[in-house]
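I have placed the structure first, in the form of structure tokens, so that the comments after it can refer back to it.
The values are calculated or read from the model by the stated rules, or taken from the named source; none is laboratory data. Remember, it's a predicted structure, so these values are computed and weren't measured experimentally. Here the Cβ positions follow ideal geometry from the backbone for every residue, glycine too, while neighbour counts run over all protein chains shown. Just the protein is used for accessible areas: all its heavy atoms, side chains included, with ligands, DNA and RNA removed. Shrake-Rupley method; radii C 1.70, N 1.55, O 1.52, S 1.80 Å.
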Amino acid sequence: KKLSEDLVQRNPEQGSSSSSLRARYFHESAVGFFGYGREQNYKEAKELYEESERRGIVEASNCLGKMYLNGDGVVREYEKAWRHFLISGEQYQNKDGLYWMGYMYEKGLVRSGGSAQGKRIMIDLTQDGIEKAVEFYQKSARLGQSEAMTDLGYIYENGLIGKKNKEMAKKYYE
């Protein structure tokens, strides 16, 4: 029996579309991924994250994206990571999804048109990629994502986009 069916059977009074059941899927995903109090199970986590994503839990899209980005329990596939971050960032304007989209641009894992680089890292980081990263980092930072703010500070402090700009760096570091 699939784990998703098991969750519905354990919570029949809540119905399959209730917010508490959706939250339960996501919680069970995290338990499988991190192994809280039991053995880590990436396969179970992936299955439940996928079900959570189908049910509209944006954080599940980010978790799946990070699994594919890092190769945690799955084959590292940047195209799949990008698709999950795209759901979170573009479709839902989620600050973490937008951050990870910027990260992939900054690291050269995405072409300027928005397609991922397969399973390999593109070595030639283009100015266009950094500019797209800044675009997504700024969207994410406006929503309060602290890692995006730190990365923007670093980009401006070190002149990765144009000349070094200590004032802009300070703005994001504070």
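Data for the structure
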read-out	value
VAL75 being open to solvent by 70 Å² or more (accessible area, probe 1.4 Å) and either at pLDDT below 95 or not charged (D, E, K, R) (or both)	yes
Single residue of THR126, THR150 found to be under 30 Å from LYS166 (Cα atoms), β-branched (Val, Ile, Thr) and at pLDDT 95 or above	THR150
Evaluation of TYR103 against (1) in contact with a Ser or Thr (Cβ under 8 Å, 6 or more places away or on another chain); (2) open to solvent by 60 Å² or more (accessible area, probe 1.4 Å); (3) among the hydroxyl-bearing types (Ser, Thr, Tyr) (one fails), failing number	(1)
Filter result for the condition that a residue is under 8 Å from the mean Cα position of the chain (by Cα), within 20 Å of GLY129 (Cα to Cα) and without any contact (Cβ under 8 Å) to a residue 60 or more places away in the chain, over LYS66, LYS80	LYS66
Selection count, segment 50-71, where residues are assigned to a helix (DSSP H, G or I) and either over 13 Å from ALA81 (Cα atoms) or open to solvent by 40 Å² or more (accessible area, probe 1.4 Å) (or both)	9
Filter result for the condition that a residue is in contact with a Phe, Trp or Tyr (Cβ under 8 Å, 6 or more places away or on another chain) and at pLDDT below 95, over TYR105, TYR25, TYR36	TYR105
Some residue of segment 32-40 being hydroxyl-bearing (Ser, Thr, Tyr), under 21 Å from ARG83 (Cβ atoms) and either surrounded by fewer than 17 Cβ atoms within 10 Å (Cβ to Cβ) or in contact (Cβ under 8 Å) with a residue 24 or more places away in the chain (or both)	no
Pick from segment 4-22, criterion open to solvent by less than 80 Å² (accessible area, probe 1.4 Å) and among the small types (Gly, Ala, Ser), ranking: modelled with the highest pLDDT	SER20
